[in-house]
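Trainee: Quick one: the structure is below, and I'll ask about it shortly.
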Amino acid sequence: MASRNKTQVQAQNNMLPNVAHLQLMADPQRESTFFSRLPLEIREIIYMKCWLVSGFRHHVFLSRRGGSLAHSPCVLKPGQSDERNAELQRLMSCQGQNRRGSRSRSSLVVDKQWASRFSSPWHEHWPCEEEMLRSDESAPNNDVHGARRTLFLPILLMCKRA
C-alpha cells in the first residue's frame, strides 16, 4: 500500500511544473515596465481579473491544427452526472432483446455518436469535447479558438516569467 502511495506522489510530482527550472530559464525581463515597475501585488490583481473575465474552468489541449496549445471552456456544471452511465444502463437493459421481447446473445451496439462518447479521451468531459468540436466547425477561417478566445491562455503563454 505504501509503495502505491509513493508511486502516486511521484506521478503527481512529474505532472507539476519544475518552477525552479522555469525561473532559471526565464528572461528576467528587466526592460519590461510590466515586470520592472509594477509591484507583484498589482500584477497578481491583473492576472486574477483576466481569470475572472475568462472563467475559471477551461480545458487546455494541443489543437489538431498545428499542434499549438488551445483552450475551450468547461461546459459541465460542478457535480453534474455523466449521461453515459444512464445510456449504458439503457443498453444493458435492452441487450439481446429483439422486437418480440425474446433474449438473444447479441453484443451491445451503440450509434457512432455514443461510441465516440464512450471512447472520448476527455472522459466524463465528453460534452466539453463535443462543444469544442462544434465551435471549431463554426469558427470563421478555421480559427482554432473561434468565438471562445479568452485572456488567460495568452497570458500563460506570453513568457516563462509570467
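Trainee: Would you confirm, using the coordinates I've provided, whether R30 is within 30 Å of S119 (Cα to Cα) and either assigned to a strand (DSSP E or B) or not hydroxyl-bearing (S, T, Y) (or both)?
Mentor: In short, no.
Trainee: Taking region 70-118 on its own, how many of its residues are surrounded by 14 or more Cβ atoms within 10 Å (Cβ to Cβ), part of a helix (DSSP H, G or I) and modelled with pLDDT under 85?
Mentor: 4
Trainee: State the number of residues belonging to region 23-61 that are closer than 30 Å to C74 by Cα and surrounded by fewer than 10 Cβ atoms within 10 Å (Cβ to Cβ).
Mentor: 3
Trainee: Right, here's the next one. Before we move on, is P121 within 21 Å of Q80 (Cα to Cα), at pLDDT 75 or above and either exposed (fewer than 13 other Cβ atoms within 10 Å of the Cβ) or touching a Cys at 6+ places or on another chain (Cβ under 6 Å) (or both)? Let's see the steps before the verdict.
Mentor: Details: within 21 Å of Q80 (Cα to Cα): yes; at pLDDT 75 or above: yes; either exposed (fewer than 13 other Cβ atoms within 10 Å of the Cβ) or touching a Cys at 6+ places or on another chain (Cβ under 6 Å) (or both): yes.
Answer is yes for this residue.
Trainee: Can you pull out every residue in region 33-69 that is part of a loop (DSSP other than H, G, I, E, B) and modelled with pLDDT under 85?
Mentor: G55, F56, S63, R64, R65, G66, G67, S68 - these are the residues of region 33-69 that are part of a loop (DSSP other than H, G, I, E, B) and modelled with pLDDT under 85.
The values are calculated or read from the model by the stated rules, or taken from the named source; none is laboratory data. In this text, all values refer to a predicted model and were calculated from it rather than measured experimentally. For neighbour counting, all protein chains shown are included, and Cβ atoms are generated from backbone atoms with ideal geometry for every residue, glycine included.
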